[in-house]
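Encoded as structure tokens, the structure appears first; notes follow it.
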Amino acid sequence: MLGGYKIQGRRAAEIAASVERAVGSGELEPGQLLPPMRELATELDVNPNTVAAAYRILRERGVIETAGRRGSRVRPRPATTGREYIRVEVPQGVRDVANGNPDPGLLPSLAPAFAAAAERNDREPVLYGDAAVEPELARLARAALDADGVPDGPVEVASGSLDVIERVLAAHLKPGDTVAVEDPGWGSLLDLVPAVGLRTAPVGVDDEGPLPGDVRRALEAGARALIVTDRAQNPTGAAVSAARAGELRAVLQEYPEVLLIEDDHGHGIVDLPLHPLAGVTRSWAFVRSAAKAYGPDLRLAVFTGDAVTVDRVRGRQRLGPGWVSRIGQRAFARLLADGAVDPKAVAAAYAGRRDLLIAALAELGVTAHGRSGMNVWIPVPDETGAVSRLLHAGWAVAPGARFRMSASPGIRVTVSTLAEEETVPLAEAIAAAVGTGPARGYV
């Protein structure tokens, strides 16, 4: 059943750790069946309840799944392996259009803002017991949220969008609950949900955002949370339109107890209007990361939500890291106040690069998607073959497997640093790699 690997341990935590190590090292492969609990208990000379507890730990961590009498097996994509491992190693001389990073040339200089923040800290050091959120940052963030129609709520700060999402999920859900997520969607999020003991329910996406019918089916089946990317969806570039927002609100109104999390990481790099869904359900959170517009290493996101959700996250954060550096917050507030980023100019730069590639592909008979943001999603009939052929041709693209659950195959191209003169050669290489026949659908 397990080949040559022998599970070890006397306590539940030890048994679970033994299985998790083997999954991480590849000794136990996805889909591999684990021994029945009584059989393993006999082999290890422990109480069956101990093995049952170990299997429960593994389920909560997203390592295994149990299907009644069919037994327990390693998940097809266990959280311990991570989608970050599904990537292409970029050899020297190969052009990297897979990395998902913003264009460094469009990021603002951070030195003046951090120098000013440090100088202020010398005069007014932040000490234990001081406010966790820089007042000026809260004011600026709240004004921007108000301008975009995001419902009123307290403003808090965390270390990036994923940090916020994890804390909000933990504030409301328990292990085993189901979260409806976009498919294709953000690979790190698709790893996070099972890693914290939750289940995923895939929701299809088109250029206007999550499909209302899929959302309804997921909520009808018992999903307790829904995560939506408002703009610059990764990997497809989808952006929630006004019409789609209305349809999604209508669905959510039927499920007021569902936790809604909106990720607007594209704020500052897109020129499409925001159509927020927040406020339809009782529990909600809305997060904006600084990563794409100001730089990933800021590790900072502002968020708001209903009072209960924000209070729960604030309280748990206080018991962990305490707060996000006020020096960093002051620097970010200075960048916002000074208008260090021109959103229209940045959005236009990314839109120009996306549109050029999509148009060049269309001329070659290849369909591609990229309504907003810095990525283009290209459905392909043979994902592995396309990635391999492109690598051989001198282009490294991201395999769609990093972003998919049940969605059709595809590849993601990051256009953030794509020069105009590179567009046609890349399009021709993609067309040669994927063929110009009809690929399977977007969703």
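Quick note: the coordinates plus some simple rules give every number you see, no bench work behind them. Predicted model, so just to flag it, every value in this text is computed and none were measured. Using ideal geometry, Cβ is built from the backbone for each residue, glycine included, and neighbour counts are taken over all protein chains shown.
Does the chain come out rounded, prolate or oblate, given a ≥ b ≥ c as the square roots of the eigenvalues of its C-alpha gyration tensor, rounded meaning a/c under 1.5 and, failing that, prolate meaning a/b above b/c? Let's see the in-between values first.
Working: a/c = 1.61, a/b = 1.15, b/c = 1.41.
Taking the square roots of the gyration eigenvalues as a ≥ b ≥ c, the chain is oblate.
Distance from a point 7 Å along Cα→Cβ of D297 to each backbone N in segment 111-127: keep the residues under 16 Å and list them by number.
111-115
Taking K and R as +1 and D and E as -1, what net charge do the other residues with C-beta under 13 Å from the C-beta of A348 add up to?
On the way: positive: K344, R353, R354; negative: D103, D271, D342, D355.
It works out to a net charge of -1.
Note the per residue figure in Å³ for the convex hull of the C-alpha positions in segment 1-75.
On the way: hull volume 5.8 nm³, N = 75.
Per residue, the Cα convex hull of segment 1-75 comes to 77 Å³.
Calculate the dipole size of the chain relative to its Cα centre from +1 charges on Lys and Arg beta carbons and -1 charges on Asp and Glu beta carbons; express the result in debye to the nearest 20. Walk me through the numbers on the way to the answer.
Numbers: 49 positive and 55 negative charges, 282 e Å.
For this selection, approximately 1360 debye.
If amide H atoms are built 1.01 Å from N in the plane of the peptide, which residues on other chains or at least 5 residues away come under 5 Å of the amide H of R199?
G176, D177, T178, V179
For segment 157-226 and segment 276-346, write down the distance between their C-alpha centroids in whole Å.
With segment 157-226 and segment 276-346 each reduced to a Cα centre, they are spaced 19 Å.
Using 0.36 nm times the number of residues separating D152 and A348, minus their current alpha carbon distance, what extension gain do you get?
Values: separation 196, 0.36 × 196 = 70.56 nm, distance 2.98 nm.
Here the answer is 67.6 nm.
Please return the longest stretch of the chain lacking exposed loop sites, where GluC sites (Glu not before Pro) count only if DSSP places them in a loop and at most 15 other Cβ atoms lie within 10 Å.
On the way: sites that count: E27, E89, E254, E257.
Between the exposed loop sites, the longest stretch runs 258-443.
Collect residues whose amide H, placed 1.01 Å from N in the peptide plane, falls under 5 Å from the amide H of S283; neighbours closer than 5 in sequence don't count.
Placed amide hydrogens put L260 under 5 Å from S283.
Between V308 and A131, how high is the FRET efficiency from 1/(1 + (r/R0)^6) when r is the Cβ-Cβ distance and R₀ = 25 Å? Nearest 0.05. Each step should come with its number before you reach the end.
On the way: r = 20 Å, r/R0 = 0.81.
Efficiency, from the Cβ-Cβ distance: 0.80.
Assuming R0 = 22 Å, what is the FRET efficiency of K6 and R70, from their Cβ-Cβ distance, to the nearest 0.05?
Working: r = 23 Å, r/R0 = 1.04.
The calculated FRET efficiency here is 0.45.
With the crude spin-label approximation of a point 7 Å out along Cα→Cβ, what separation in nm comes out for A432 versus E363?
Calculated label separation equals 1.7 nm.
Find how much the distance from Q32 to A13 grows on full extension, using 0.36 nm per residue of separation minus their present alpha carbon separation; answer in nm with one decimal. Present the calculation step by step, with values, prior to reporting the outcome.
Numbers: separation 19, 0.36 × 19 = 6.84 nm, distance 2.04 nm.
Between Q32 and A13, full extension yields an extra 4.8 nm.
Work out from phi, with θ = phi - 60° and the Karplus expression 6.51 cos²θ - 1.76 cosθ + 1.60, the ³J(HN,Hα) of each residue of segment 144-155, listed in order in whole Hz, and give x for Gly and Pro.
5, 5, 4, 5, 9, x, 6, x, 5, x, x, 9
According to the square roots a ≥ b ≥ c of the eigenvalues of the Cα gyration tensor, what is the shape class of segment 192-231, taking rounded for a/c under 1.5, prolate for a/b larger than b/c otherwise, and oblate for the remainder? Present the calculation step by step, with values, prior to reporting the outcome.
Numbers: a/c = 2.58, a/b = 1.38, b/c = 1.87.
In terms of gyration-tensor shape, oblate.
Dipole magnitude of segment 111-338 about its Cα centre, charges +1 at Lys/Arg Cβ and -1 at Asp/Glu Cβ only, in debye to the nearest 20?
That gives a dipole near 620 debye.
What nm value, rounded to one decimal, do you get for the distance between S406 and E421 when each label is placed 7 Å out toward the C-beta?
Placing both labels 7 Å beyond Cα along the Cβ direction yields 4.8 nm.
Would you compute, from DSSP H runs of 4+ residues alone, the mean residue ellipticity of the chain at 222 nm, taking -39500 (n - 2.57) per run and dividing by the full residue count, rounded to the nearest 500?
Values: 15 runs with 179 residues, N = 443.
Rounded to the nearest 500, it is -12500 deg cm²/dmol.
Could you work out how far apart the two model spin labels at N99 and S25 are, taking each label as a point 7 Å from the Cα in the direction of the beta carbon, and quote it in nm?
Those two pseudo-labels are separated by 3.3 nm.
Considering the dipole of the chain built from charges on the beta carbon (Lys and Arg +1, Asp and Glu -1) around the Cα centre, which of A147, Y255, T367 is farthest to its positive end?
Checking the options against the dipole of the chain, the answer is Y255.
Give me the extension gain from L319 to R139: residue separation times 0.36 nm, minus the current Cα-Cα distance, reported in nm with one decimal.
On the way: separation 180, 0.36 × 180 = 64.80 nm, distance 2.50 nm.
Stretched fully, the L319-R139 segment lengthens by 62.3 nm.
Let me check against my output: what whole-number percent is the relative contact order of segment 12-74, with C-alpha pairs under 8 Å and at least 6 apart?
Working: 67 pairs, mean separation 26.6, N = 63.
So the answer I get is 42 percent.
I'd like the trypsin sites (Lys or Arg not before Pro) in segment 1-53 restricted to DSSP loop residues with at most 15 other Cβ atoms within 10 Å, sorted by number.
Working: sites: K6, R10, R11, R21, R38; in loops: K6, R10, R11.
Qualifying residues, ordered by number: K6, R10, R11.
Rounded to whole Hz and in sequence order, give me ³J(HN,Hα) for segment 234-244 from the Karplus expression 6.51 cos²θ - 1.76 cosθ + 1.60, θ = phi - 60°, writing x for Gly and Pro.
9, x, 8, x, 4, 9, 5, 7, 4, 5, 5
Name the residues whose placed amide hydrogens come within less than 5 Å of the amide hydrogen of A98, ignoring near sequence neighbours (fewer than 5 apart) on the same chain.
T414
What is segment 111-338's relative contact order, in percent, from Cα pairs under 8 angstrom and six or more apart in sequence? Before the final figure, lay out each step's value.
On the way: 410 pairs, mean separation 62.7, N = 228.
Here the relative contact order equals 27 percent.
For a quick size check, give me the Cα extents of segment 111-338 along its three principal axes, largest first, whole Å.
Projected onto its principal axes, the Cα set of segment 111-338 covers 56, 37, 29 Å.
For the chain, what is the relative contact order in percent, using Cα pairs closer than 8 Å and at least 6 residues apart in sequence? List each step's numbers first, then the result.
On the way: 878 pairs, mean separation 81.7, N = 443.
That works out to 18 percent.
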